[in-house]
Every structure is written in C-alpha cells, then in structure tokens.
C-alpha cells in the first residue's frame, strides 16, 4: 500500500467533501438566475429585440450546465472515496465552460451593440474559486486564457485607457485572491487529514491504531480480495509478567521492540497495526514461500532484539492466506488467523509450564 498516495487521496477527498455544499448552493442560484432571465425575455421581449433567440440560447445553455452539475453531484455524493476523481476532471471543464459562457455573451454584446460590460465575466471570475475546487495551477491557466480574451474584447470596443486600467487591476486581484483562496482550501484540508491521521496513530509504536484498523477492514471487506492477501494476528507473550515484575517501562520497551520487528519484516509488504495493549495485526501481500521466509526472519529479528536489549521478546502469531481460503472475507481470514494465534499461544504456555491465565494476557 502506498501511504503517500493514500494520504493525497484523503486530502483531495476532504477538499471536495468540504466544497460540496457550496458548489450545490452556487449552482442552484445560477440555475434560478437563468430561469429568471428566461422569464424576463418573455415579460420584456422588446429589450432583446431580434436577438432574443440568441440570448435565450445563452441562458438555456448555462441553465442546462448548472442542472447537469447539480445532478452529477447528487449522483456521486455517497461515493466519498472516488468523488475527487470525478470532480478533479469535471470542475476544470465546468470552470472553462463558465468563462467561455461569460466571454461569449460579452463578445456578443460588443459585436451587436458596440459596447461591452465585463461585469458578468468579473462575477464569474470571482465565483469559480468560491464555488468549487480547482488546483491553483489549473485555475491559473484557465483564467489567464479568459483574461487575455476579455482584454481583447474590451480593447475592441473601447479606445479609452480608463476601462483598461480598471480591468487590469481587477485581473490582478482576481488572480491573487482566487489562487490564495484555493491554496487556503488545500491547506485546511491537509490540516484536517493530519488531525484525522493523528487520531488513528498509536502514540507508543507509531503504528495505525484500532480505529484505523477497523476503517481499513471495512474498506477491504468492500473490495475484491487479492490472491496474495495474508492476514497476520500477533500477540505478545508474558507481557503482564514483565509489567508486574520489571515495571511498565520494561513492558513498553517490549511493545516497541515487537513493533520494530513487525515493521522490519512485514511493513514493506502491507500495513501493520497495534489493535490492543499487546495485540498486533498485519495485512500484507505475500506468496506462500515468501510468507514462510518473512516468518523465519521475524523470529530471527526477535531473538536478535532480545540479545541486544537483554529482554526476552516473545510473541505468538497466526496467519491466514486468501489463496488457501478463497471464499473467505477479510473478517473470516482475521478469525482464522486469531484462532491459529491462540493455538500458538497455548502451545507456548504449555511448553514453558506457565499459567497463561496469570501471565498471559493484558498489561
């Protein structure tokens, strides 16, 4: 699993989630305004004269686009995981259409009446970054092209330098404020995701905690299982005895040591979790032969850690491979692995002659 890619996707998902409500309200307002303008062409047709049909086409086109955007957002609202994939494509296209529409109606005014009012274009320029998220670089490209066109339209109909200066000032503010707002929205999403990640990280080991584990299990249960999927259940032996006789500092050192060995052996193959006081889990991708090698290395790493730290680190583990249980869900694989882990734990205490009920579980 690529954690950086997962984090980037989480940031984008948060950005588009937080933008959803504003986008819907804005497009609903746009749709209502275009309905109002269509009604206005019927109530006051003499204002539009022979060009009424053309103006109606302008209003109908924007109304159709707004309604289509609203319906798309309703359709993908529940698809939180993939919403950003849809909107990262749709939003730039819709923004480009926004500007093209504003430029089109401004140009038509200039050609037919010999005068152009950039108010519609200016309104759309400020509405776009407020309404829905675009990457700042994408926004810059779209706006730069639109600004060049509106500047040309204005020079075509006005020889005065005043309107050009005013338009230039607006363009500068438009770019600065629009890009700043989009960057702020991205930074806020990054902060939210970071806080969420911190809530899902075990402080002692740095592993994802039980909350993150439950989230990932839920996601995996909704996906088609991979043929090389392996679930590992790992539980520490005699942690309670160490806590009782050597103190919790020594017990914490053992937990950290176990986490280090687990990460070294299984971390690059998937994701590892601390799901309880002395309980760990790993969900990895590995073939049968590769798994055997990883388990051997894990035992060797624990012995090496014990020798270096003068503490006996021991764990019981169980695993379940999807290739051996192809009809099983991830929760069923977890149950199988847990059962095998408890069998290994029982064998350990039988061999050591210790009472598991006294020394085996908990901190």
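Quick look at the values:
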read-out: Options 134, 140; residue that is under 27 Å from the mean Cα position of the chain (by Cα), modelled with pLDDT of 85 or more and assigned to a loop (DSSP other than H, G, I, E, B); value: 134
read-out: Top-ranked residue in segment 220-229 [being in contact (Cβ under 8 Å) with a residue 40 or more places away in the chain and out of contact with any helix residue (DSSP H, G or I) (no Cβ under 6 Å at 6 or more places or on another chain); ranked as surrounded by the most Cβ atoms within 10 Å (Cβ to Cβ)]; value: 229
read-out: Lone unmet requirement of (1) under 30 Å from residue 107 (Cα atoms); (2) in contact (Cβ under 8 Å) with a residue 40 or more places away in the chain for residue 209; value: (1)
read-out: Members of segment 157-182 that are assigned to a helix (DSSP H, G or I) and either surrounded by fewer than 13 Cβ atoms within 10 Å (Cβ to Cβ) or out of contact with any helix residue (DSSP H, G or I) (no Cβ under 7 Å at 6 or more places or on another chain) (or both); value: 161, 162, 165, 166, 168, 169, 172, 173, 176, 177, 180
read-out: Qualifying residue in segment 114-126 (condition: modelled with pLDDT of 90 or more, buried (at least 17 other Cβ atoms within 10 Å of the Cβ) and assigned to a helix (DSSP H, G or I)); value: no
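Residue by residue, here is whether (1) in the same structural domain as residue 16 (by TED's automatic domain parsing); (2) modelled with pLDDT of 90 or more; (3) closer than 21 Å to residue 282 by Cβ holds:
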| position | (1), (2), (3) |
| --- | --- |
| 150 | yes, yes, no |
| 156 | yes, no, no |
| 168 | yes, no, no |
| 182 | yes, yes, no |
| 195 | yes, no, no |
| 226 | no, no, yes |
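The values are calculated or read from the model by the stated rules, or taken from the named source; none is laboratory data. Since the model is a prediction, treat every value here as computed from it, not as a measurement. Glycine also receives a Cβ, built like all others from the backbone with ideal geometry; neighbour counts cover every protein chain displayed.
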